[in-house]
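The block underneath contains the structure these notes are about, expressed in structure tokens.
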Amino acid sequence: MRNKLKTGLLIYNNYVQAWEYDLVAEILNSEYSAIEAIILQKKLTDNRMKKSPGNIIFRFHSRIGHLVFLGRENYRVRKDIQSLTVKTKQIILHSAGQEVSSGSDSDALREIGNLGLDIIVKLGYGPANEDLCGLSKYGLWSYPMTDCSSESIDTTGYFEVLGGHPVIVSELVTRMNKGQQPLVLSRVTEATCAYSVSLTREKLYRRASLFVPRTIRGLWQEGPGYLKKIENRFGGNGSLITQLPPPAGLKSLENILKAGYIFVQQVFKKIIYTDPFTWELLYKKGTGNNFEANSYTDFHKLKPASDRFWADPFVVSAADKYYVFVEEFLYKANKGHIAVLELDENGQLLKTQKIIESSYHMSYPFVFQKDNSFYMIPETGGNRSIDLYRCTEFPGKWEFVKSIMTNINAVDTTLFNHNGKWWLFTLIDKIDSSLAVSPELYLFWSDDFLSDQWTGHPMNPVVTDVRFARPAGRIFTRDGKIYRPSQDCSGRYGNSFDINEIIVLTADTYKEKQIKKVRPDWEPTLKGTHTYNNHEDFTIIDVYKLRRRFI
């Protein structure tokens, strides 16, 4: 049995934010790490920044956000870490921030070094004390977004939201030695909440609580070689985050007015438009799978009745017909089920049929064939499961086979058979956020797709970018290369899709690169597209427009 990694926590007082408390609780309950010491860093308080006009207005702006989204912004709630670590050894450092440690700290630093720690994790606001960098095997870990001196001047998300940026980056870094450039251990590119700094921070910090536990787990399972894999993944180029101070007084006041304008715009948008969009399908015959050449301007439309939409199309051809499996969403029921559209050889719609329905929402009917039988894994995130169905009479009769994963918040599961293994790609949200789509793609493998025992990839999540993570259709091969369609959910859900080439797909390594981006810019009323599928000579995508409440 492997020994647990020895972890020390660097804190500035015994009260930490809820997201930090959660990661400590996760470590304490784990099989891979034990908390050996609490290092309490005494910190000098500098009130000069707090009293500046810009900072006073900035803090007022933050308080407005806290009040408006009261109950939805819980990451910053203060919790007493002593309730978790009451029996843990505590060592006190008296020097502040990155200043040279005082003589009284020499004994404390020596004591820390003698503990044989594997990791020291900095929690709370304050610059990392570099005197601690060489005192643990894997360095001093910290979140660059909390390197500012206090929460009152934390500008995380502030400039991104007010600047209209669709994404924001969060990171975990380690400093192995004093003066050395930080090495990125984890990086996630998250979608901003366009109208709220507070809600952007809520999901950003909640997601950040996952970084430390899963990185420690990776080291525990893989050993020091895991760090090299991480360095190769993120390029070893250091942090992308620069923590800027709050703006000057006049600019801070201007930004409050700008934030108010953005919020009012969002309210009016909610009044005028419904959350479910108007989705329809576009298809073309005779394209092969030449996705680079598609312009989509000459694709034909498949439009449903006005009381529903069709999205997530997967196409199968059989007996001189095309069968398009879709999410069929009824506006009145506010819920989707799986339907099949039957098209003749020329692409003309012959009939539609509802085929799978449940009490929870269903979508993304990933359909595939094995040993002359058709199977389907629809999206069943509302059931917290990944469910497998078998077709008993094509195309309309299906039976439930089993749940291949349970107790999981996963969407848009996509299988791919490669080199004797079944690879399962799925988007998982481990913070159960209702604020936006998860930016994390997870990969599993099994020798048998009927199994309910799947091995997680050691580099999970293998994609951590909201612009590329979410699956957007069947993975396919062409000219010996493997391609994975993905959704770009930055800015808004279903913004566009990409075709990515999978460069490496093995049990210990995953790598892909973007080949082509498709934005629905060929028609001005289109706002998004998020599925690409092809079978033989038939290519199909979905597109959406905004839907007015009062038609």
Note to self: Name the residue that is surrounded by the fewest Cβ atoms within 10 Å (Cβ to Cβ), counting only residues in the stretch 428-451 that are in contact with a Ser or Thr (Cβ under 7 Å, 6 or more places away or on another chain) and either outside the structural domain of residue 475 (by TED's automatic domain parsing) or in contact (Cβ under 8 Å) with a residue 40 or more places away in the chain (or both).
What the structure shows: 445
Next item on the list: Being touching an Asp or Glu at 6+ places or on another chain (Cβ under 6 Å) and not in a loop (DSSP other than H, G, I, E, B) is the filter; apply it to the stretch 394-427 and report the residue that is surrounded by the fewest Cβ atoms within 10 Å (Cβ to Cβ).
Entry: 403
Checklist line | Residue count, the stretch 11-30 (criterion: in contact (Cβ under 8 Å) with a residue 40 or more places away in the chain and not in a helix (DSSP H, G or I)) | finding: 8
Item checked: Hits in the stretch 484-494 (condition: surrounded by fewer than 21 Cβ atoms within 10 Å (Cβ to Cβ) and at negative phi) -> 492, 493
Notebook entry, point to check: Among the residues of the stretch 253-282 satisfying the criterion of being of a type outside the set (Phe, Trp, Tyr) and not in a helix (DSSP H, G or I), which is surrounded by the most Cβ atoms within 10 Å (Cβ to Cβ)?
Noted result: 281
Notebook entry, point to check: Looking at residue 468, is it surrounded by fewer than 22 Cβ atoms within 10 Å (Cβ to Cβ), touching a Leu at 6+ places or on another chain (Cβ under 9 Å) and part of a loop (DSSP other than H, G, I, E, B)?
Noted result: no
Notebook entry, point to check: If we scan the stretch 472-481, do we find a residue that is closer than 22 Å to residue 437 by Cα, of a type outside the set (Lys, Arg) and in contact with a Lys or Arg (Cβ under 8 Å, 6 or more places away or on another chain)?
Noted result: yes
Checklist line | Single residue of 301, 284 found to be among the basic types (Lys, Arg) and touching a residue at least 40 places away in the same chain (Cβ under 8 Å) | finding: 284
Check: Taking the stated definitions as given, is residue 200 farther than 23 Å from residue 74 by Cβ, touching a helix residue (DSSP H, G or I) at 6+ places or on another chain (Cβ under 9 Å), not in a loop (DSSP other than H, G, I, E, B) and not charged (D, E, K, R)?
Finding: no
Check: Only one residue in 497, 468 is farther than 30 Å from residue 73 by Cβ, in contact (Cβ under 8 Å) with a residue 12 or more places away in the chain and under 20 Å from the mean Cα position of the chain (by Cα), so which one is that?
Finding: 497
Item checked: Selection count where residues are out of contact with any Ser or Thr (no Cβ under 7 Å at 6 or more places or on another chain), farther than 18 Å from residue 252 by Cβ and among the hydrophobic types (A, V, I, L, M, F, W, C), scope the stretch 137-195 -> 2
Next item on the list: Go through 367, 316 for me and flag whichever is modelled with pLDDT of 95 or more and either hydroxyl-bearing (Ser, Thr, Tyr) or under 28 Å from the mean Cα position of the chain (by Cα) (or both).
Entry: 367
Next item on the list: Scan the helices (runs of 4 or more DSSP H) fully inside the stretch 82-183 and keep the ones with 3 or more residues being among the acidic types (Asp, Glu) and at positive phi.
Entry: none
Checklist line | Residue, farthest from residue 76 (Cα to Cα), within the stretch 112-144, restricted to residues that are of a type in the set (Asp, Glu) and at pLDDT below 95 | finding: 131
Check: Counting only residues that are among the hydroxyl-bearing types (Ser, Thr, Tyr) and within 28 Å of the chain's Cα centre (by Cα), how many does the stretch 265-312 have?
Finding: 3
Notebook entry, point to check: Quick one: is residue 71 within 24 Å of residue 37 (Cβ to Cβ) and either at pLDDT below 90 or within 30 Å of the chain's Cα centre (by Cα) (or both)?
Noted result: no
Next item on the list: Please determine, by comparing only the residues of the stretch 283-312 that are surrounded by fewer than 12 Cβ atoms within 10 Å (Cβ to Cβ) and touching a strand residue (DSSP E or B) at 6+ places or on another chain (Cβ under 7 Å), which one is nearest to residue 350 (Cα to Cα).
Entry: 301
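The values are calculated or read from the model by the stated rules, or taken from the named source; none is laboratory data. For clarity, every value in this text was computed on a predicted model and none was experimentally measured. In this analysis, Cβ positions are derived from the backbone assuming ideal geometry, glycine residues included, and neighbour counts consider all displayed protein chains.
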